[in-house]
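Read through the structure below, which is laid out as structure tokens, and then see the notes.
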Amino acid sequence: MWFIFALSSAIFAALTSILAKVGIDGVNSNLATAVRTVVVVIMAWGMVFLTNAQGGLVEISKKSWIFLILSGLATGASWLCYYKALQMGEASKVVPIDKLSVVFTLVLAFVFLHEKFTPKSLIGCILIAVGTLIMVL
């Protein structure tokens, strides 16, 4: 089931890029990010209430709060940079560079989470990096 959600995520991310590129035309990138964020917040809290998960709010540990807040700040920074890049550049070039996050995630997961870095993941990282360079050059 995780694969279906991951694939759906990729499809929605692709739609996000195309819809954003059209929607950001003539709009300040920071303002566009803020509008997008409000929509995401409403949708996320809607899902929380729809699934009756709001009771878990008080059960979140201090450590989880800290890391969720840091993750939110990283997401915000990523979205601000992404929208600015998308406004200034072509979606077909911005999006592949943005997807280098896969390579960075694998490296960070190895360093900080002590996840295994296998020959297969190393080859995958190299192929993603090379593929990105080919797409943007």
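Just so it is clear, none of the values below were taken in a lab; they were calculated from the coordinates. All values reported here derive from a predicted model rather than from experimental measurement. Note that each Cβ is placed from the backbone with ideal geometry, even for glycine, and that neighbours are counted across all protein chains shown.
Would you pull out the residues with amide H under 5 Å of Lys99's amide H, same chain only if 5 or more places away, H placed 1.01 Å from N?
The answer is none.
Along Cα→Cβ, 7 Å out, is where each label goes; now give me the distance between the ones at Ser61 and Ile97 in nm to one decimal.
3.9 nm
Below 8 Å, C-alpha to C-alpha, sequence gap of six or more: please give me the relative contact order for the chain in percent.
28 percent
Placing +1 on the Cβ of each Lys and Arg and -1 on the Cβ of each Asp and Glu in segment 1-113, which of Met47, Ala13, Phe104 has its Cα farthest towards the positive end of the resulting dipole?
Result: Phe104, furthest along the dipole toward the positive end.
Quick one: dipole size for the chain, taken about the Cα centre, charges +1 on Lys/Arg Cβ and -1 on Asp/Glu Cβ, in debye to the nearest 20. Display every interim value, and only then the final one.
Working: 9 positive and 5 negative charges, 36 e Å.
Computed about the Cα centre, the dipole is about 180 debye.
Which FRET efficiency value, to the nearest 0.05, do you get for Ser121 and Leu31 by plugging their Cβ-Cβ distance into 1/(1 + (r/R0)^6) with R0 = 30 Å? Walk me through the numbers on the way to the answer.
Details: r = 39 Å, r/R0 = 1.29.
Taking R0 as 30 Å, the efficiency between Ser121 and Leu31 is 0.20.
Once you have the Cα-Cα distance between Ile42 and Leu7, take 0.36 nm times their residue separation minus that, and quote the gain in nm to one decimal. The partial results should precede the final answer.
Working: separation 35, 0.36 × 35 = 12.60 nm, distance 2.31 nm.
Once the chain is fully extended between Ile42 and Leu7, it gains 10.3 nm.
State which entries of Lys21/Lys63; Lys21/Lys99; Lys63/Lys93 exceed 28 angstrom in Cα-Cα distance in the structure shown. Before the final figure, lay out the partial values.
Values: Lys21/Lys63 37 Å; Lys21/Lys99 16 Å; Lys63/Lys93 37 Å.
Those over the limit are Lys21/Lys63; Lys63/Lys93.
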